[in-house]
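Below is one structure, written out as structure tokens; the observations come after it.
The values are calculated or read from the model by the stated rules, or taken from the named source; none is laboratory data. Remember, it's a predicted structure, so these values are computed and weren't measured experimentally. Backbone-built Cβ (ideal geometry, glycine too); neighbour counts: all protein chains shown.
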Amino acid sequence: MKFNDIENKVKSKKDLIQFLAIMKQDNIDNQLEWESSNIVSFLDAMQRWAIDTDKLSEDAKWSEFAKIIYAGSRYE
């Protein structure tokens, strides 16, 4: 799943759970592509991306939470 697909594919709790499974497998398969190699750096990247981005609305949706998780895996 690509970043731009998240909006259309993650719309419910079930979708979010599936997305989390995809992200976990992505970490296993593509660990070298992940900027965040441990939970602390992952959470820090999520927090910093959420602060810096204009891609999230004040009225968050399940897909927006998934965007934060995804961004934490790639955001520097």
With ALA71, ALA60 as the choices, which residue is among the small types (Gly, Ala, Ser) and surrounded by 14 or more Cβ atoms within 10 Å (Cβ to Cβ)?
-> ALA71
Any chance the range 17-32 includes a residue that's surrounded by 13 or more Cβ atoms within 10 Å (Cβ to Cβ) and in contact with a Lys or Arg (Cβ under 6 Å, 6 or more places away or on another chain)?
-> no
Kindly establish whether GLU7 is exposed (fewer than 15 other Cβ atoms within 10 Å of the Cβ), acidic (Asp, Glu), in contact (Cβ under 8 Å) with a residue 40 or more places away in the chain and in a helix (DSSP H, G or I).
-> yes
Residue, farthest from PHE3 (Cα to Cα), within the range 51-65, restricted to residues that are assigned to a helix (DSSP H, G or I) and at pLDDT below 90 | TRP62
Considering each residue of the range 33-45, count those that are assigned to a helix (DSSP H, G or I) and surrounded by 12 or more Cβ atoms within 10 Å (Cβ to Cβ), and give that number.
-> 5
